[in-house]
Amino acid sequence: MDFDDQLRRYFGTADLAAIHPEAHAAGTERMSVDFGLETNPGRRFALWALMYMLGVAPDLDVAFKDESERDTARDFMDMVDRTGAEDGR
């Protein structure tokens, strides 16, 4: 899954700054539905990661039933948080 392709799919643009609040709400709703329906673990994780970066991901215990998937998600969260801290965010 390419990040820009996913943004275009759910929001109609790859430019985060250009997403209007209504489009953001509609896109995140579609993401939530797709996440709930996705059965491929890799695509499911990629979708959750995008949702996490946009601040709309479900809690880990809701999103992932498997402990190893939750651990992978925690590792991803730590990596994103470290990158943000290094960038001064």
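A Cβ distance below 6 Å, combined with a sequence gap of six or more or placement on separate chains, defines the contacts here; from segment 1-20, residues that are more than 13 Å from M31 (Cβ to Cβ) reach residues that are in a helix (DSSP H, G or I) and among the charged types (D, E, K, R) in the pairs A14/D4; A14/R8.
Can you tell me which residue in segment 1-13 is modelled with the highest pLDDT, limited to those that are farther than 15 Å from D34 by Cβ and assigned to a helix (DSSP H, G or I)? Restricting to residues being farther than 15 Å from D34 by Cβ and assigned to a helix (DSSP H, G or I), the top hit is D4. Listed by first and then second residue, the pairs linking a residue in segment 51-77 that is without any contact (Cβ under 8 Å) to a residue 40 or more places away in the chain and under 18 Å from M31 (Cβ atoms) to a residue that is polar (S, T, N, Q) and surrounded by fewer than 16 Cβ atoms within 10 Å (Cβ to Cβ), with Cβ atoms under 8 Å apart and 6 or more places separating them unless they lie on different chains, are M51/S32; V56/S32; P58/S32. For segment 7-32, a residue qualifies if it is small (G, A, S) and within 24 Å of A63 (Cβ to Cβ), and the qualifying residues are A23, A25, A26, G27, S32. Would it be correct to say that G88 is modelled with pLDDT under 95, on the phi > 0 side of the Ramachandran plot, small (G, A, S) and out of contact with any helix residue (DSSP H, G or I) (no Cβ under 9 Å at 6 or more places or on another chain)? It is true that G88 is modelled with pLDDT under 95, on the phi > 0 side of the Ramachandran plot, small (G, A, S) and out of contact with any helix residue (DSSP H, G or I) (no Cβ under 9 Å at 6 or more places or on another chain).
The values are calculated or read from the model by the stated rules, or taken from the named source; none is laboratory data. Bear in mind the structure is a predicted one, so any value in this text is a computation, not a measurement. No Cβ is skipped: glycine too gets one built from the backbone with ideal geometry, and neighbour counts run over all protein chains shown.
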